[in-house]
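All remarks here apply to the structure that follows.
The values are calculated or read from the model by the stated rules, or taken from the named source; none is laboratory data. Here the structure is a predicted model, which means the values were calculated and not measured. All Cβ positions, even for glycine, are placed from backbone atoms using ideal geometry, and neighbour counts span all protein chains on display.
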Amino acid sequence: MQEGMRRLFSRITKSILERGENQFVRSLVDPGGEQGEIPILPERTDPEDRQIFGVMEKDEFRAFIAQLDGSFEKSFRAGQLNTLIGKMSHLGNGKTLSLVCPVGYRTEQTSLQVRAWGERGLLVLRLEGKGAPIELVEETFNRYRRPMEDAAEFRECRIATEEYEGLLDLRFQELRAPLGLRWTVEDLQWEQLERHFGVFLLDQPVATMVVRRLRDGVVRLRQIAVSDEHRGKGYGRMVMKEIETLLASEEVKEFELHAREDVVGFYEKMGLEQVGSIFTEIGLPHVLMRKRIKPNK
């Protein structure tokens, strides 16, 4: 047990200390069409080079590409369009592709780079080029674009994995660092006994929650946080709704949480009720809130 704690603490410390120093980022795709880590590229020197990111329904991709193909003056090479559409239709969890297509529009030419990742019937696309051709791509893409938030995924993470450490780092940055707090031995001991959940956008954690069992049929939700850059996009509501659905399927009857006083209104909108009076925790006023879970029919 002690040896396991030492290894866990070592991983946590390393993850936090190296935040911002790591010279690699996780990419949707690499030139070989596989997920992995690639070096961060220097800032572009050509101001016309642009990248477009977005989410699209799989069944709309054919219409999007066909519309582009009809608008470009110099379009996809023979057979390239069918190859692209065919590969896109088979994209699924963990599968990616990358394709470079020379195109032209309004006397300007560029190499349109199409990179994609498939998830739950959606395509997460990155298109890159410059000049008038990429402007046409963006104008057309906006007709089919869906919010990036649609690609977010809620899932449980095992402790001591890379995903878990990402959630732990998010919790530290949003909940502890602003208050000058650090992890304690007791915190790390509890980590191994709790369940850890997160919302991931393009494999990056944007929201997190910890679930602690209190007694039969009752759990406590803890360490609920959304990354600062993704607040106001519905991820807090998403993590609350998803966990309630999951707990209901596991026949949990009630959950509770300690809400900071300034976010009580948010939890009230999620159906929780205040219990008792205000108390102080980690130097801030908190309120105990509870909610009964309706069983799944």
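Just a few scattered comments:
This table checks each residue for (1) within 24 Å of the chain's Cα centre (by Cα); (2) loosely packed, with under 15 Cβ neighbours inside 10 Å; (3) without any contact (Cβ under 8 Å) to a residue 24 or more places away in the chain; (4) in the same structural domain as Arg176 (by TED's automatic domain parsing).
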position	(1), (2), (3), (4)
Pro205	yes, no, no, yes
Gln223	yes, no, no, yes
His230	yes, no, no, yes
Leu247	yes, no, no, yes
Phe279	no, yes, yes, yes
Leu284	no, yes, no, yes
Val287	no, no, no, yes
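- Top-ranked residue of the range 143-172 - restricted to ones that are assigned to a strand (DSSP E or B) and either out of contact with any strand residue (DSSP E or B) (no Cβ under 6 Å at 6 or more places or on another chain) or of a type in the set (D, E, K, R) (or both), ranked as surrounded by the fewest Cβ atoms within 10 Å (Cβ to Cβ): Arg155
- Checking each residue in the range 192-221 for being closer than 11 Å to Ile243 by Cβ and either in contact with a Phe, Trp or Tyr (Cβ under 6 Å, 6 or more places away or on another chain) or not in a strand (DSSP E or B) (or both) picks out Val199, Ala207, Met209, Val219, Leu221.
- For the range 227-266, a residue qualifies if it is farther than 26 Å from Ala177 by Cβ and of a type in the set (Gly, Ala, Ser), and the qualifying residues are Ala248, Ser249.
- Residue in the range 128-142 that is within 30 Å of Glu57 (Cα to Cα), exposed (fewer than 14 other Cβ atoms within 10 Å of the Cβ) and under 24 Å from the mean Cα position of the chain (by Cα) present: yes
- Figure legend. Inter-residue proximity from the range 185-203: first residues outside the structural domain of Ala116 (by TED's automatic domain parsing), second residues of a type in the set (S, T, N, Q) and part of a helix (DSSP H, G or I), beta-carbon distance below 7 Å, spacing 6+ or different chains. No pairs are indicated.
- Selection from the range 266-297 of residues that are in a strand (DSSP E or B) and in contact with an Asp or Glu (Cβ under 9 Å, 6 or more places away or on another chain): Gln274, Val275, Ile278, Leu284, Pro285, His286, Val287, Leu288, Met289, Arg290, Lys291, Arg292
- Among (1) of a type outside the set (Val, Ile, Thr); (2) free of Cβ contacts under 8 Å to residues at least 40 places away in the same chain; (3) closer than 15 Å to Leu84 by Cβ, the one test that Gly118 misses: (2)
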